Amino acid sequence: MRIRRFAVPVTVDAAGDATVYSPRIFGRLISFAYVKTDYADGVGFTITAETTGETLWTEAAVNASAVRHPRAATCSTAGVASLYVAAGTAVLSKIGLGGDRIKIVVAAGGVSKTGVFHITVDG
């Protein structure tokens, strides 16, 4: 298994918004690390796979650097949710990226402020 990290700097415009893309990524998503440089408190992120639109991380009102390890719910080949026990705890798995770019949308970041998103994948 090979671990790779991509750093994606994001500078917002005068309205505090930005949309940027990572390079094409192959592998399973391990984590996002948002490193706050000078975004305003309360910044929001919506991070998706460009081609499929699959949500990878969405969070509002972020005030400090943060690390997230997103996972997706799994299912059987019949589309039935996989559960750990009959009570209903979902089985989660790393999200696979087969050459897709990651779309990072930032809102309410302040005026012309910056931040960096580190994307870590294996495979």
Can you name the condition, by its number, that residue 35 falls short on among (1) assigned to a loop (DSSP other than H, G, I, E, B); (2) under 21 Å from residue 9 (Cα atoms)? (1)
Inspect all residues belonging to the range 7-23 and state whether any of them is surrounded by fewer than 16 Cβ atoms within 10 Å (Cβ to Cβ), out of contact with any helix residue (DSSP H, G or I) (no Cβ under 7 Å at 6 or more places or on another chain) and closer than 16 Å to residue 98 by Cα. yes
Tell me, please, whether a residue that is within 17 Å of the chain's Cα centre (by Cα), assigned to a loop (DSSP other than H, G, I, E, B) and surrounded by 12 or more Cβ atoms within 10 Å (Cβ to Cβ) can be found in the range 81-103. yes
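Looking at 93, 76, 31, 22 in this structure, which one is over 22 Å from residue 2 (Cα atoms) and of a type outside the set (Lys, Arg)?
Details: 93 fails: over 22 Å from residue 2 (Cα atoms); 31 fails: over 22 Å from residue 2 (Cα atoms); 22 fails: over 22 Å from residue 2 (Cα atoms).
76 is the lone residue from the list that is over 22 Å from residue 2 (Cα atoms) and of a type outside the set (Lys, Arg).
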All but one of (1) at pLDDT below 95; (2) surrounded by 13 or more Cβ atoms within 10 Å (Cβ to Cβ) hold for residue 76; state the number of the condition that does not hold. (2)
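Just to be sure I understand, how many residues within the range 18-32 are among the small types (Gly, Ala, Ser) and in a loop (DSSP other than H, G, I, E, B)? Break it down stepwise before answering.
Restricting attention to the range 18-32, the residues satisfying the condition of being among the small types (Gly, Ala, Ser) are 18, 22, 27, 31.
Retained after the next criterion (residues that are in a loop (DSSP other than H, G, I, E, B)): 22.
Residues meeting the conditions: 1.
Taking the range 38-58 only, how many residues are part of a strand (DSSP E or B) and either in contact with a helix residue (DSSP H, G or I) (Cβ under 8 Å, 6 or more places away or on another chain) or more than 25 Å from residue 3 (Cα to Cα) (or both)? Please lay out each step first, then the result.
Residues of the range 38-58 that are part of a strand (DSSP E or B), as a first pass: 43-49, 55-58.
So of that shortlist, the ones also either in contact with a helix residue (DSSP H, G or I) (Cβ under 8 Å, 6 or more places away or on another chain) or more than 25 Å from residue 3 (Cα to Cα) (or both) come out as 43-44.
Of the residues in the range 38-58, 2 are part of a strand (DSSP E or B) and either in contact with a helix residue (DSSP H, G or I) (Cβ under 8 Å, 6 or more places away or on another chain) or more than 25 Å from residue 3 (Cα to Cα) (or both).
The values are calculated or read from the model by the stated rules, or taken from the named source; none is laboratory data. Computed from a predicted model, the values in this text were never measured in an experiment. We place every Cβ from the backbone using ideal geometry, glycine too, and count neighbours over all the protein chains shown.
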